[in-house]
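Notes to accompany the following structure.
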Amino acid sequence: MMSPRRRLLAPLLYLILSMLCVHAAELPRVGLVMKSLANPFFVAMADGAKVHAKSHAGKYTLVLTGIENETDKAGQIRLVEKMISDKVSAIVIAPADSRDLVPVVRKALAAGILVVNIDNKFDDRVLAEQGINIPFVGPSNRQGAREVGAFLARQLKPGDKVAIIEGISSTTNAQARTAGFREAMASAGADVVAVRSGLWETAPAQKQAADLLKAHPDLKALLCGNDSMALGAVAAVRASQRQVAVVGYDNIPAAAPLLASGQLLATADQYAAQQAAFGIDLVLKAIQEKTEQALLPAMVQTPVKLVVK
Amino acid sequence: MRAATYLRALLALMCCALLQAAPSGEPVTVMVESYPPFVNEGGTAPAGPYVQAFTQLAAAQGVAARMQLVPIRRALLMAEKSPGHCVLALNYAAETTEVLLYLGRVAPMYVWAYAKRGWSGRLTRVGDLKRYRVGAINMAELRLLLEQEGVAYEPLQISGKGAQMLAAGRFDVLLSDIGPALETANSVAPLERRLVVLRADRWLACHPKTSPLVVAKLRLALREGLFAESTEPIWSRHGLSDYYQQVRREWPGATKP
């Protein structure tokens with residue numbers, strides 16, 4: 001016969017065990033926080049994540065979300081806060097800003113959520129200041145841009161004038177791509193006469209390109225930090241009826257006809273469809289192996305390839 | 001839910017204990033450029049307070065550091081290519097953050113606008129530099145600032161030559177952090193500091209595939225840069241007690257808990 005004490009303990013123990021079992025049986029929920037879902041690059045990334053989730057059915061649940069435009073930092077912060085309140089297991093994030101998203105991501109870490117960074121690297125200085133480790137899974141933007149620039153350089157002569165239209169200047173990937181373009185132009189002896197921000201988007205880049213073409217009648221090339229901005233630059237060149245080479249970055253579908261017609265000389269493929277998947281693979285491995293955030297690898301480099309006609 | 005919270009807290013505690021106690025077993029090679037009086041040439045190996053403070057702080061976390069004196073450009077190339085290699089006292093450059101891991105601040109640095117003594121120009125903010133011929137050390141954070149402010153400048157190929165070039169009239173204003181070199185140059189042409197142009201930090205940066213355990217330990221080691229209380233005797237031995245105290249008071253990197 002069971003003692004009264006045991007009679008009291010048994011259901012309690014059962015309750016605790018069943019709670020733990022239910023907890024164990026729950027699939028980890030991985031939140032993917034993207035940048036602009038109006039940008040085909042991130043649409044490809046989202047599609048890749050959906051394919052990954054389908055092929056890993058029964059292993060995790062994907063919670064996919066993104067912002068309206070590239071500069072909507074506040075919107076992205078709200079998305080991360082929602083993920084925290086929804087108690088996801090992990091967040092894979094392509095931050096709209098390298099610095100301003102760090103505080104909210106720190107909140108996620110404090111809530112026990114694993115965080116992995118893709119696409120645009122968080123600023124190491126802010127991470128060090130906050131004393132946190134957030135792995136970056138992604139390609140070397142600098143290397144990719146250097147290859148695109150080197151391809152363009154074959155068409156240039158020493159002393160030729162070129163200009164760079166970069167993304168949001170405070171972002172790490174914008175700076176890395178600009179550095180790669182600069183290195184390639186320095187090797188060719190070309191003169192970078194201006195660096196302007198096209199905010200990663202077509203319309204602002206078109207305006208910047210038009211201004212640059214007007215200010216520099218002998219400009220030979222425009223190096224754009226992504227293809228969305230390259231579309232704007234191509235439109236401006238077409239309107240000016242001049243022969244100015246344009247290169248881009250990302251290899252979005254809309255770039256294909258421009259590459260085919262020679263209006264866009266080269267771009268770089270960072271395998272957008274696989275980038276989020278690489279990040280998700282890292283968090284799934286960490287969850288499975290119970291790796292602490294502090295002991296995750298600081299960086300996992302993914303491939304990048306030059307794309308020409 | 002409570003059980004899971006306790007389990008997480010227990011795991012975190014175990015992790016901290018592991019980080020504090022266990023030697024990593026993987027020595028790192030740390031390269032540093034000569035930068036008197038903080039890094040001096042000491043025969044085959046570097047010496048000076050940066051070197052000694054770093055070695056001591058790393059050892060306290062169980063990381064053995066092999067210190068090497070290497071010119072900065074070569075050090076950067078080696079650290080980008082070789083796992084387990086780091087560069088000490090590096091200036092931050094966003095474009096290298098995909099090939100190097102910036103682990104922690106080690107020390108402050110200030111970039112000043114210098115002019116020849118008695119120069120009649122007026123500098124109250126960075127934008128004022130637009131009116132003058134400017135020479136500047138090659139540093140990414142400074143470059144970014146000057147570009148944002150629309151200041152045209154001549155980048156120095158060799159930082160140490162800046163003072164001589166200023167004295168020779170190649171430009172009106174020199175933007176530089178270099179104290180010792182300027183002191184030497186002062187004997188030729190007296191210079192004076194006119195404006196703090198940039199407050200920045202020097203960093204420890206390592207190859208991105210450095211072991212996560214070593215990375216975590218080095219991050220812990222550098223919580224207060226090279227100015228932890230335990231390093232005070234080192235700074236004192238080098239006659240830099242006042243500098244040490246000033247940095248402890250003023251530099252945010254040294255005031256972290």
So what is Rg over Rh here for region B:110-199, counting just Cα atoms and using Kirkwood for Rh?
0.92
The simple spin-label model distance between A:THR61 and B:LYS130, using points 7 Å out along Cα→Cβ, in nm, is 5.6
Percent antiparallel among DSSP beta bridges (both partners in chain A, rounded to 5)
10
What helices in chain A pass both tests, a Cα length along the helix axis of 15 Å or more and a mean Kyte hydropathy of -1.0 or higher, using whole DSSP H runs?
A:4-25, A:40-55, A:73-85, A:141-153, A:172-188, A:202-215, A:227-240, A:272-289
Based on the Cβ-Cβ distance of A:GLU81 and A:ASP47, what FRET efficiency does E = 1/(1 + (r/R0)^6) give at R0 = 25 Å, to the nearest 0.05?
0.45
Along principal axes, Cα extents of region A:76-154, largest first, whole Å
53, 24, 17
Computed over the Cα atoms of the protein assembly as shown, what is the ratio Rg over Rh, Rh following Kirkwood?
1.02
Counting partner chain Cβ atoms within 10 Å of every residue's Cβ in B:85-95, what's the average?
3
Ignore the peptide's own chain and count Cβ atoms of other chains within 10 Å of each Cβ in B:210-222; give me the average, rounded.
3
Reciprocal of mean inverse Cα separation for chain A (Kirkwood radius, Å):
20.8
May I ask you to derive the relative contact order of chain A, considering only C-alpha pairs under 8 Å and at least 6 residues apart, and to give it as an integer percent?
18
For region A:36-114, what is the convex hull volume of its Cα atoms per residue in Å³?
83
Quickly rank A:103-113, A:85-95 as a protection proxy: mean count of other C-beta atoms within 10 Å, highest first.
A:85-95, A:103-113
Antiparallel DSSP beta bridges within the protein assembly as shown, as percent of all bridges there, nearest 5:
40
With unit charges on the beta carbons (Lys and Arg positive, Asp and Glu negative) and the dipole taken about the Cα centre of region B:110-199, which residue among B:VAL111, B:LEU146, B:TYR132 sits farthest to the positive side?
B:TYR132
Please tell me which of these pairs span more than 32 angstrom C-alpha to C-alpha: A:LYS59/B:LYS209; A:LYS121/A:LYS214; A:LYS73/A:LYS285; A:LYS59/A:LYS309; A:LYS87/A:LYS207; A:LYS207/B:LYS130?
A:LYS121/A:LYS214; A:LYS59/A:LYS309; A:LYS87/A:LYS207
Report the paramagnetic label zone for A:ALA194: residues of region A:152-173 whose backbone N is under 18 Å from a point 7 Å from Cα along the Cα-to-Cβ axis.
A:160-169
What translational diffusion coefficient, in µm²/s and rounded to a whole number, does the Stokes-Einstein relation yield for region A:141-269 at 10 °C and a viscosity of 1.306 mPa s, taking the hydrodynamic radius as the Kirkwood radius over Cα pairs?
116
Let me know the charge dipole size of the protein assembly as shown about its Cα centre in debye, to the nearest 20, where only the beta-carbon of Lys, Arg (+1) and Asp, Glu (-1) is charged.
560
From the C-alpha gyration tensor of region B:56-176, pull out the three semi-axes of the equivalent ellipsoid (sqrt of 5λ each), sorted largest to smallest, in whole Å.
34, 15, 14
Using only the alpha carbons, work out the radius of gyration and Dmax of region A:218-297 in angstrom.
18.9, 59
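Every number in this text was worked out from the coordinates using simple rules, so none of it is lab data. Please read these numbers as outputs of a predicted model, since none were measured by experiment. With ideal geometry, Cβ positions are generated from the backbone for all residues, glycine too; neighbour counts draw on all protein chains shown.
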